[in-house]
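Beneath this line is the structure, given in C-alpha cells, with notes to follow.
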Protein chains: 2
Amino acid sequence: MSETRSVAQVYHVELGPRSYDIHIEPGCLDDLGQAMGKLFASPTRCMVISNVTIAPLYMQRLRDSLESAGWHVSECILADGERYKTIETLGFIMDALMDAKLSRNEPVIALGGGVVGDMTGFAASCYRRGIPFIQVPTTVLAQVDSSVGGKTAINHPHGKNMIGAFYQPKLVWVDSMVLNTLEPREVKAGIAEAVKYGLIRDAVFFDWMNSNMAAAIDLDADVLSKIIHTSCRHKAEVVMADETEQGLRALLNLGHTFGHAIESMTHYSTYLHGEAVAMGTLMAARLSEQLGFAEPGIESQIRVCYEAAGLPVDVPAFHADAWLDAMGHDKKNVGSRIRYILLRNIGEAFLAENVAPDAIRQLIDSYQSVH
Amino acid sequence: MSETRSVAQVYHVELGPRSYDIHIEPGCLDDLGQAMGKLFASPTRCMVISNVTIAPLYMQRLRDSLESAGWHVSECILADGERYKTIETLGFIMDALMDAKLSRNEPVIALGGGVVGDMTGFAASCYRRGIPFIQVPTTVLAQVDSSVGGKTAINHPHGKNMIGAFYQPKLVWVDSMVLNTLEPREVKAGIAEAVKYGLIRDAVFFDWMNSNMAAAIDLDADVLSKIIHTSCRHKAEVVMADETEQGLRALLNLGHTFGHAIESMTHYSTYLHGEAVAMGTLMAARLSEQLGFAEPGIESQIRVCYEAAGLPVDVPAFHADAWLDAMGHDKKNVGSRIRYILLRNIGEAFLAENVAPDAIRQLIDSYQSVH
C-alpha cells in the first residue's frame, strides 16, 4: 500500500446546521461504527440499505463494525440498477423502515453506488419527515460525485430524478479500496463524472486526467486517490457556494440534460448514468461549437479523452421530437425553459436557458446524418 | 355580513427564507390570482390540486381568479378521504405534474382540507426537489391548524403521516365563507383542533369555546372569525418558535398519539381526523389523571366540551396489544420511546417520553371495563 493510500483526509462541507465531513481513507469501511460515536449520543438502531450486488461483498464487514460499536443493525437489500430507482422501491424501503420501527433520531446508512445513495437519501428525507443518513459510496461515480451534496431522488417514468429532495447526509465515508471489486465498466462510467470537474472548472485537472487515464481505469492507487480528492474538493466547494442549485451548482449538470434524455429514452437499461453523461457532454460540446460559444475542436478533444477511458461516444439515434420530449420541451411553449450547460472552453462552463428548439433539432440531425 | 367578517387580517410566519403570510378574509377566494402577483415575477403555469367534493364547489371561482391574473391553470382532482392519503395518490399527483410539465418555479395550489393540503405540500416538496405551494384551506380543521406550519405527509398502512417533509407554503389564503358548504360533521371535527389550542396553552380560549360552542357549530360569523384568528395566531407562534418539532411544537400533538392509533386501527375509514383526536385527547387527559399529573376532573371537563360540540367521546374497543402496536411500541424494547403529550391543567400541556407500557395497558383496560 502506497503512502498516499494510507492517509486519511477530511473535507468539511460547511452548510450551517447541515454541515458534515467527507472522510476519505483506504480501508475505512471497518471503522464506521467507531466514527459514528462522534455523531450520535449512544448507539441505538440503524438500518443499512444496499443492493444485491454490493451486500454480499461488504455488508458483513460493515455490520461487524457497527455491531462492535453497539449498534442494532437492520438491513434492506434492493435490486441492482437505475431502473429500480422508482416510487415502488421507495415504498419497499418505507415498509422496511416501518418494520424496523426506526425512530426519528436513528440513522440509515447507504452502502452502494449512486442509485442506492439517491434512494436511501430520499427515503431518509421523508421517513418520519426526516431521519439522519450516512453515505458509504462503493462506486467511483458515487465517491467522486453523487454521495456528496444532498441531491436525493427517484426517477419518474418520464424523467430522471424528478421526485426527490435536497437532504444532506450527516457523514460521507469513502473507502477507495472497495472499488477493487467494481466492474471495469462501472469504473469507466464513474470516471466520466470526474472528467466533468475538469471540463467545468479545472483545465489543469482535465489535462492530468488525459495523461493518467490508463492508470485511472486500472485503479492505480495514487491516481485514484488524486481523482477522488480533487473531485470531492470541487464538489464540496460548489455545494457550499450553492446548496440548492440556484446558480453555480447547475454547472455540475454538464451533459446531464442530454444524458438524462438518453437514459429515459432507453428506459434506464442500456447505459450506465456516467456513460449517458459522457455522450450528453459530447452533445453539449458540439452544441457549444454550433452556437459559436466555443472554438471548433472542443468536442473532439473531449471525445479523445472519453475514448481513452473506454466510454461510449456514439450518440444513439432517436427522432428529434423524441429528444425534445424527453428533455421536457413543451409543445405548447407555455413558459418552457430547458437549461443547457454549455462550454466556452475546457474548464469554463455556463448556463444557457434560451436555446431554441431548432438549434437542438439541428444538433440531433448532425448525428443522424453521421450514423 | 358583520363588521368582523369584512376585515382582512394577516399573520406573518417569520421563518427566515421560508417566511410567509396567513391571509384571513371572508370572500378572498376570488382574489388569490391578484395576490399571487406579489409572490411571482410573472404569471406562468400553475396547478390546482383538489378533490371530488371541493372541486365542483370552488374550482371554477379559483380558476377564474387565477386566469384573469394571467395564469395558465392545470387541475389535479383526487378522491376524497384520509384513506386516499397514500403513496399511490402521491404517484398520481406526480404523473399530473409531469404531464403539465410544471417547472421548478411554478406553483401548486392546494384547494381543500387537511388531506389535500398535506398531500399537495408533500408533492410540492419533492417534485423536482421542491416547487412553491400555496394553501387554500376549505375545512375548519385546515383553516385552524393543518394549512399552517409546513407539516406535509402521506400515510403508511402502518402509521399516519409516516412519509413526509417539513415544507412551508409560500402563502396561506383563508376564506371562511367557503365553510358554509361544509358538512356539519366536518365542522365539528375541525373544532376539536381549535379546542386543542385552549387545552395546550390558552385556558381563557377554552372557556370561551365552551360558552360559544352552539354558535361555533352553527358557523356564526363572529364566533368563527375569533376561532380562526385565535387558532392561526397560536399555530404561527408555535411554528416560529419550533419549526421542525424539536420541543414546543410537539405539544400540538395532544391527543394525536392515541388519535393516530384509532385512525390506523380503523383503517382511516371510520372517524375523521378531528374526531379521532378528540377521543385521543380524552385518553391523554385520563392518563394524565391516572399518572397523577393532573387533578381528577380534567377528563370530564373536556368531555363536556366535546359533547357540546357533537364529537364522539366513546373510545373504540381494541385489545391493549393492538393499541401498543399501532402506537409503535417495540416489543423488543430496543430504544422504544413513544411521545405522549399530557396535561397538568387546562391550558398547560407537557411532553412525556417515559410512560411505561403498563400504564397504557391500565388506561386501555379502564375503557374495556366501561363498555
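The values are calculated or read from the model by the stated rules, or taken from the named source; none is laboratory data. Values in this document were obtained by computation on a predicted structure and should not be read as measured data. Cβ placement follows ideal geometry from the backbone for every residue including glycine, while neighbour counts extend to all protein chains displayed. Only protein heavy atoms, including side chains, enter the accessible area calculation; ligands, DNA and RNA are left aside. Shrake-Rupley method; radii C 1.70, N 1.55, O 1.52, S 1.80 Å.
Couplings for the stretch B:357-363, taken from phi via the Karplus curve 6.51 cos²θ - 1.76 cosθ + 1.60 with θ = phi - 60°, read x, 5, 5, 5, 4, 4, 4 Hz in order; Gly and Pro are left as x. Shown in residue order for the stretch B:165-172 are the 3J(HN,Hα) couplings computed by the Karplus curve 6.51 cos²θ - 1.76 cosθ + 1.60 at θ = phi - 60°: 8, 7, 8, 7, x, 8, 6, 10 Hz (x for Gly and Pro). DSSP beta bridges fully contained in the protein assembly as shown are about 45 percent antiparallel. Taking other residues whose beta carbon is less than 14 angstrom from the beta carbon of A:Lys85, and scoring Lys, Arg as +1 and Asp, Glu as -1, yields -2. Measuring between alpha carbons in the structure, the pairs from B:Lys101/B:Lys235; A:Lys160/A:Lys196; A:Lys170/A:Lys196; A:Lys38/A:Lys85; B:Lys38/B:Lys235; A:Lys160/B:Lys235 lying more than 27 angstrom apart are B:Lys101/B:Lys235; A:Lys38/A:Lys85; A:Lys160/B:Lys235.
Within the listed set B:Ser264, B:Ser147, B:Ser19, the residue fluctuating most in the Gaussian network model of chain B (springs between alpha-carbon atoms under 10 angstrom) is B:Ser19. Classify the stretch B:142-255 as rounded, prolate or oblate from the Cα gyration tensor: take a ≥ b ≥ c as the square roots of its eigenvalues, call it rounded if a/c is under 1.5, otherwise prolate when a/b beats b/c and oblate if not. In terms of gyration-tensor shape, prolate. Close amide H contacts of A:Ile109 (hydrogens built in the peptide plane, cut-off under 5 Å, sequence separation of 5 or more or a different chain): A:Met47, A:Val48, A:Ile49, A:Ile134. Per-residue 3J(HN,Hα) values for the stretch B:195-211, derived from phi via the Karplus relation 6.51 cos²θ - 1.76 cosθ + 1.60 with θ = phi - 60°, read 4, 3, 4, x, 5, 7, 8, 7, 4, 5, 5, 4, 4, 4, 4, 4, 6 Hz in sequence order (x marks Gly and Pro).
For chain A, set up a Gaussian network in which alpha carbons nearer than 10 Å are linked by springs, and say which option among A:Glu183, A:Glu106, A:Glu75 fluctuates the most. The residue that fluctuates most here is A:Glu183. For chain A, the relative contact order is 15 percent, taking Cα pairs closer than 8 Å that sit 6 or more residues apart in sequence and dividing their mean separation by the residue count.
Summing both sides, the accessible surface hidden between A and B at a 1.4 Å probe radius is close to 3200 Å². Solvent-accessible surface of the stretch A:3-181, taken per residue with a 1.4 Å probe and all protein chains present: 34 Å².
Which of B:Val187, B:Val148, B:Val355 moves most in a GNM of chain B, Cα contacts under 10 Å? The residue with the greatest mean-square fluctuation here is B:Val355. When a/c reaches 1.5 or more, the comparison of a/b and b/c decides; with that in mind, is the stretch A:3-181 rounded, prolate or oblate per its Cα gyration tensor? Taking the square roots of the gyration eigenvalues as a ≥ b ≥ c, the stretch A:3-181 is rounded.
Peptide A:118-126 is shielded by partner chain Cβ atoms: per residue, an average of 2 of them sit within 10 Å of its Cβ. Anisotropy class assigned to the stretch A:133-185 is oblate, per the alpha carbon gyration tensor with a/c at or over the 1.5 cut-off and a/b no larger than b/c. With Rh defined as the Kirkwood radius, the inverse of the mean 1/r over Cα pairs, the Rg/Rh of the protein assembly as shown is 1.01. Within chain B, antiparallel bridges make up roughly 40 percent of the DSSP beta bridges whose residues both belong there.
Both numbers refer to the Cα atoms of chain A; Rg and Dmax are 20.2, 63 Å. Per-residue shielding of A:103-109, expressed as the average number of other chain Cβ atoms within 10 Å of the residue Cβ, stands at 2. Mean sequence separation of contacting Cα pairs (under 8 Å, at least six apart), scaled by the length of the stretch B:3-181, corresponds to a relative contact order of 24 percent. Using the Cβ-Cβ distance between B:Asn210 and A:Asn105 with R0 = 25 Å, the FRET efficiency computed as 1/(1 + (r/R0)^6) comes to roughly 0.05. Rounded to the nearest 20, the Cβ-based charge dipole of the protein assembly as shown about its Cα centre (Lys and Arg +1, Asp and Glu -1) stands at 280 debye.
Residue separation of B:Val304 and B:Ser68 scaled by 0.36 nm, minus their Cα-Cα distance, works out to 80.1 nm of gained length.
Here A:Arg18 and B:Val7 are evaluated by their C-beta separation; at R0 = 45 Å the FRET efficiency comes out at 0.65. Distances between copies at A:Asp95, taken between label points 7 Å from Cα along the C-beta direction, are 2.0 nm in increasing order.
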